[in-house]
Amino acid sequence: MFSDAKDWRRMLIWLLGGSRGGWMRFQIMLALKEKPMNPNQLAKHLGVNYRTIIYHLEILEKHGLVTRTNKAYGVPYFLSDYAEKNWEIVINAVKASRGEK
């Protein structure tokens, strides 16, 4: 997917911290790490508008961080295998984008 972990980390820092909406995308990923959810469930869980969730899920899916089994309405999203296997890099990228160590 990415040429190396460094490229992936840079993309994560931008996607989850360096861009508007990054914190919401990270919150979605945290929720999906707990359990798969569909957009309606995520909207309720995070207390935000359904369209907001759809927008961020599309971005996360485009960048390979979340996945779903098909495109039918109400299908749950999951963290991608790559995101699951590299969760520590995700956490470290978010911390770096927020100036934490």
Please determine, by comparing only the residues of the stretch 55-65 that are closer than 21 Å to residue 98 by Cα and hydrophobic (A, V, I, L, M, F, W, C), which one is most open to solvent (accessible area, probe 1.4 Å).
59
Just wondering, is there one or more residues in the stretch 77-92 that are under 21 Å from residue 8 (Cα atoms), polar (S, T, N, Q), at pLDDT 90 or above and surrounded by fewer than 19 Cβ atoms within 10 Å (Cβ to Cβ)?
no
Going through the stretch 1-32 in order, the residues found to be among the polar types (S, T, N, Q) and modelled with pLDDT of 75 or more are 27
Could you please let me know if residue 99 is touching a residue at least 60 places away in the same chain (Cβ under 8 Å) and outside any helix (DSSP H, G or I)?
no
Which of the residues spanning the stretch 1-54 are open to solvent by 50 Å² or more (accessible area, probe 1.4 Å) and assigned to a loop (DSSP other than H, G, I, E, B)?
1, 2, 3, 4, 20, 35, 36, 47, 49
(1) touching a residue at least 24 places away in the same chain (Cβ under 8 Å); (2) over 17 Å from residue 17 (Cα atoms); (3) open to solvent by 50 Å² or more (accessible area, probe 1.4 Å): which one isn't true of residue 68, the others all being true?
(1)
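The values are calculated or read from the model by the stated rules, or taken from the named source; none is laboratory data. Model, not experiment: these values are computed from the prediction. Neighbour counts run over all protein chains shown; Cβ positions are idealised from the backbone, glycine included. Areas reflect the complete protein model, heavy atoms only, side chains present, ligands, DNA and RNA absent. Shrake-Rupley method; radii C 1.70, N 1.55, O 1.52, S 1.80 Å.
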